[in-house]
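The structure appears right after this line, and notes come after that.
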Amino acid sequence: MGQARISNLRRRMQEENIEALLVSAPENRFYLSGFTGDEGWLLVTSGKAFLITDRRFLEQAAAEAPNFIIVDRGDSFLARLGEVVAEEGIRILALEEDHVTFNFYRRVMEAVADPKSNLPKNLILKPASGLVEGLREIKEEGEIQLLRRAANLADAAFEYILSFLKPGALEIEIAAELEYFMRRKGAEGPAFPTIVASGPRSSLPHGRAGKRALQKGDLVVLDFGALFGGYNSDLTRTVVLGPVTPEQTRLYRTVRTAQELALQGLKAGLKAREADALARNYIESTDYAGRFAHGLGHGVGLSIHEGPTLSHNRETILQAGMVVTVEPGIYLPGWGGVRIEDMAVVEEDGCAILTHADKSLLVL
Ligand code: ZN
Ligand code: ZN
C-alpha cells in the first residue's frame, strides 16, 4: 500500500491541474496512507505527502503510514495547515468538495482573509471531486482478498441465520443475531444496518429491520454484510416461510433468472447501463415490467456504496478489477418483494462471484 497509490493520485492531480490536495474523507485517507486512526488529514503535493493528526495518533500514524511526513496538528489544525502550505509554497489548494463541510470551508476562507493567520493571503481554494474515489474503483489483488473474506463472513451468516427464521421471530432479533454472528467470526462490524423486511414489508427495497414478527407465508428479504479489514460485503437473499404460493415461486424465479443473466453477461468493456439492461430487459419482458425500481448494483469496497453505479443511465465503461453488486429486485407494493444480490469482480471476459450463499428458493 502507499507509494503506488500516491503516484496514481499525483497523475490524476496533474491531469486536473491540482498542485495540492487536502484529503479529508476517512476512506480516502486510509486508502492512500494505511492510517486507521479516526482523525487526520492528508496533504498531497507533487513532491510530498503529509499526514496531519493529533497527539493521540502520532505513534500509530508513524507506524501505519511510512510514506507520509507525520505532522502534529497541535492546538489548531488550521494554524498548522497554514504553516505547511506556506512552507511548501502552495498557491492553490484543492479540497474534496464532497467531503468537507460548509463550516470547514468558511473557516478556511476566514483564515485566509485574517491578517493574523499564517495561511497565505493569496491562497486560492478549489474544489476537487472523485480523485481518490476514481482510483478506488479498480481493486488490487490484496483488496479483492479482503472483499472475499468479508463476503465469506456474510455467506456463513446467512447459513447460520436460517434456523432463526420462524414464525414469531422479530425482524430486529434476526438482525441482531446476524450481526453478532459476524462479529464473533471476526468482522469489525456490520457493513451497514441490516435489512430484514418480512411479509408486506418485503416490498420496501430498504426496509430496515423493525419490530414486525415473522408469519407463515412471509417472503423475507435479508440484506446485510460484514466489514473486514476495512472492506465491506453486501449480500441479499430472499426466503419464504412456508407454505409457499405459486405467485411467490414465480416472482422468485423471475428475479433469479434476471440475476443469473446479469452475472453471466457481466464483463469488462460493458457500459454500466448495458450491465443494468442484462437484468432489466428480462424483467421488462415479464408481467413484472416496471417493478424493478432501482439500479442493478453499485461498486463496493472501503465504502458500502461507491463507484461504479450500475444503472440505466450510466455510461461508465466497466473495467477489470471493479467489484460490483448485482442485485435485481421486484417489488409489489403492499404484497411483497424479492431481491437477490451477489458481489462480483469484473474480469476481462466475465466475472468472478465473491458471495456463494444458497440461491435456490428456500422454503423454511
Ligand atoms: Zn445489499
Ligand atoms: Zn447493495
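The values are calculated or read from the model by the stated rules, or taken from the named source; none is laboratory data. Since the structure is predicted, the reported quantities are computational estimates derived from the model, not experimental observations. Cβ placement follows ideal geometry from the backbone for every residue including glycine, while neighbour counts extend to all protein chains displayed. Heavy atoms of the whole protein, side chains included, go into the accessibility calculation; ligands, DNA and RNA do not. Shrake-Rupley method; radii C 1.70, N 1.55, O 1.52, S 1.80 Å.
If only residues of region 346-364 that are part of a strand (DSSP E or B) and open to solvent by 50 Å² or more (accessible area, probe 1.4 Å) are counted, the one that is nearest to residue 247 (Cα to Cα) is 363. When residue 132 is tested against (1) more than 24 Å from residue 38 (Cβ to Cβ); (2) in contact with a Lys or Arg (Cβ under 9 Å, 6 or more places away or on another chain); (3) not acidic (Asp, Glu), exactly one condition is not met: (1).
Residue 18 satisfies every condition listed in (1) open to solvent by 20 Å² or more (accessible area, probe 1.4 Å); (2) outside any helix (DSSP H, G or I) except (1). Is at least one residue of region 291-299 in a helix (DSSP H, G or I) and farther than 22 Å from residue 144 by Cβ? Within region 291-299, not a single residue is in a helix (DSSP H, G or I) and farther than 22 Å from residue 144 by Cβ.
Residue 248 meets the conditions (1) assigned to a loop (DSSP other than H, G, I, E, B); (2) away from ligand 2 (no atom under 16 Å from the Cβ) in every case but one. The failed one is (1).
The residue list 343, 322 contains one member that is of a type in the set (A, V, I, L, M) and within 12 Å of ligand 2 (Cβ to nearest atom), which is 343.
Filtering region 278-296 to residues that are open to solvent by 30 Å² or more (accessible area, probe 1.4 Å) and on the phi < 0 side of the Ramachandran plot leaves 278, 280, 281, 282, 284, 285, 286, 287, 289, 291, 293, 294. On the stretch given as region 231-259, residues that are free of Cβ contacts under 8 Å to residues at least 40 places away in the same chain and either within 16 Å of ligand 1 (Cβ to nearest atom) or of a type outside the set (Asp, Glu) (or both) total 4. Scanning region 198-230 for residues that are part of a strand (DSSP E or B), open to solvent by 10 Å² or more (accessible area, probe 1.4 Å) and touching a residue at least 40 places away in the same chain (Cβ under 8 Å) yields 213, 227, 228. If the condition is being within 16 Å of ligand 1 (Cβ to nearest atom) and either open to solvent by less than 30 Å² (accessible area, probe 1.4 Å) or more than 22 Å from residue 28 (Cβ to Cβ) (or both), then region 309-328 contributes 310, 311, 323, 324, 325, 326, 327, 328.
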